[in-house]
Amino acid sequence: MGKSWKWLAIYAASISLVSAGSVYAAEEDKAPDFTQRAYHTVELDSQVLASSELYKFDSGLDFNYPDAVRGIFVTAHSAGGERFDSLINLVDTTDLNAMVIDVKEDLGYLTYIPEESSPLAELDMGQPLIKDPRAMLEKLEEKEIYPIARVVVFKDTVLAEQKPELTFMDGEQVWKNNRGDSFVNPFLQEVWDYNVQIAIEAAKLGFKEIQFDYVRFPEGFENRADDLSYSFGDYADSDADPVQRRVEAVTDFVAYAKEQLKPYGVEVSVDIFGYAATLPEAPGIGQNFSKISENVDVISSMIYPSHWTSYFGIDKPDLAPYQLVAEYAKVENQVLAALENPPVSRPWLQDFTASYLGSGNYMRYGKVEVEAQIKALQDNGIEEFLLWNAGNSYSPGVDYTP
């Protein structure tokens, strides 16, 4: 393990955790790495814990959770460029109130340059897309726009190429999917800690929520699981079948991340495939909708009509935005109602045109289609939503509270 990775491991392991009346602290006489972490338990009087805050981080920025989050996705290019003011104006002049901003993007780069004192600085993963993230967040504070940091987790071509021992190998080559993307290994504690540290730094910058995306194995992984070379990490001795072992790894990461982020006072959300709510679990990718939901504050299903094949008895879902979203919402409501502490439901909705579906299978999306999806959620008791448009070109004239 290189110097920077060792330092990051020590930094992450030094965070104290408060849980069930105990304080967990890393043993000082050891330098734990990502896969070997030693903790001792100090029992504290429950009244002492209840009356004192052992650690609570204050970023110095003040954001309130909205009545219901109604947000848009904002790329780092937009957040750090000339388009940011126009997007702020869109939110400021409508019933929108939140932005999901890339902090770690789809290739795996950080979208800003960490300060030299940061344990992430030596990893050289930063890109100066958002040149001054603090100034950006101060502008959002002024406009009372709720800031959510998007952190892409296991889809990470940059880290996979830099640290092949953390990814899936196809012979002597780092494995890539059909789109040329690589994933890092959800079984490995090192990968967990790296992404949790990025989330912690986002919280320190002032973001009020961390949204983890690509919290899963690669699509179709079950078809390559026996052909690729990779480590099972701490799951090597698991008695679970292959499907459940993947579910364990993904669920455990989410629970671990939420626990590590507690001292920073942020909400934790996870993006998940919409179809995951309709199955006991998605067998290849390790996503169990209920188990992930039990460990987050917000669950954000990606339910773009264009992304469904024939489903819910709808032959061409992209042509039926209200019906598709309404049928999905009924299923999700049933699943979440069965949980003891269900998270807030905040689905991703479609504000783009899926012309790639071919003639007769898609239609142009605009004001009417976006409002139809929002109304379908509201008709089923779901008040929060996020809008996705990869280019951040959102439909004009939409009533976001129809």
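Note on residue 143: lysines with a C-alpha under 29 Å away, same-chain residues under 8 apart excluded, are 56, 104, 131, 204, 208, 258, 262, 367, 375. Taking Cβ atoms as reference points and 14 Å as the exclusive limit, the residues near residue 371 contribute a net charge of -2, counting Lys and Arg as +1 and Asp and Glu as -1.
Taking amide hydrogens as placed 1.01 Å from N in the peptide plane, the amide H of residue 211 sits under 5 Å from those of 149, 150, 151, 269, each at least 5 positions away in sequence or on another chain.
Could you give the size of the charge dipole of the stretch 323-402 about its Cα centre, using +1 on the Cβ of each K and R and -1 on the Cβ of each D and E, expressed in debye and rounded to the nearest 20?
Here the stretch 323-402 has a charge dipole of around 240 debye.
In order along the stretch 172-185, the Karplus-derived 3J(HN,Hα) couplings, from 6.51 cos²θ - 1.76 cosθ + 1.60 at θ = phi - 60°, round to 9, 10, 5, 5, 10, 7, 5, 9, x, 9, 10, 10, 8, 8 Hz, and Gly and Pro are given as x. On a per residue basis, the chain carries 44 Å² of accessible surface, using protein heavy atoms and a 1.4 Å probe.
Taking amide H atoms as placed 1.01 Å from N in the peptide plane, the amide H of residue 183 lies under 5 Å from those of 156, 168, each 5 or more residues away in sequence or on another chain. Along the axis of the charge dipole computed for the chain (Cβ charges of +1 for Lys and Arg, -1 for Asp and Glu, origin at the Cα centre), the listed residues 343, 198, 71 are led at the positive end by 71. What the phi angles of the stretch 294-306 give under the Karplus curve with 6.51, -1.76 and 1.60, with θ = phi - 60°, is a coupling list of 5, 10, 9, 8, 9, 10, 10, 6, 8, 10, 3, x, 5 Hz, glycine and proline written as x.
Between amide H atoms placed 1.01 Å from N, distances below 5 Å from residue 349 occur with 386, 387, 388, all of them 5 or more places distant or on a separate chain. Beyond 24 Å, how much of the Cα-Cα pair distribution for the stretch 69-193 remains, as a whole percent? It works out to 38 percent of all Cα pairs. Other residues lying with their Cβ under 12 Å from the Cβ of residue 386 contribute a combined charge of -2, Lys and Arg counting +1, Asp and Glu -1. From the alpha carbon centroid of the stretch 187-251 to that of the stretch 310-336 is 29 Å. Solvent-accessible area of the stretch 103-247 (1.4 angstrom probe, protein heavy atoms only): carbon and sulfur portion equals 41 percent. Between 377, 360, 306, the Cα set farthest toward the positive side of the dipole of the stretch 257-402 (charges on each charged residue's Cβ, about the Cα centre) is that of 360. Which angle between 0 and 90 degrees, to the nearest 10, do you get for helix 367-379 versus the longest principal axis of the chain when only C-alpha atoms count? Helix 367-379 sits at roughly 70 degrees to that axis.
Annotation for the stretch 160-181 versus the stretch 83-142: alpha-carbon center distance of 28 Å. Backbone phi angles across the stretch 269-285, fed through the Karplus curve with coefficients 6.51, -1.76 and 1.60 (θ = phi - 60°), yield HN-Hα couplings of 10, 9, 7, 8, 4, x, 5, 4, 6, 9, 10, x, 6, 7, x, x, 9 Hz in residue order; Gly and Pro are listed as x.
One entry in (i) 54; (ii) 42; (iii) 19 is percent of Cα pairs over 38 Å apart calculated from the shown coordinates; its label is (iii).
The values are calculated or read from the model by the stated rules, or taken from the named source; none is laboratory data. This one's a predicted model, so the numbers in the text were calculated from it and none came from an experiment. Note: ideal-geometry Cβ built from the backbone for every residue, glycine included; neighbour counts use all protein chains shown. Just so you know, the surface numbers come from the protein's heavy atoms only, side chains and all, with ligands and any DNA or RNA stripped out. Shrake-Rupley method; radii C 1.70, N 1.55, O 1.52, S 1.80 Å.
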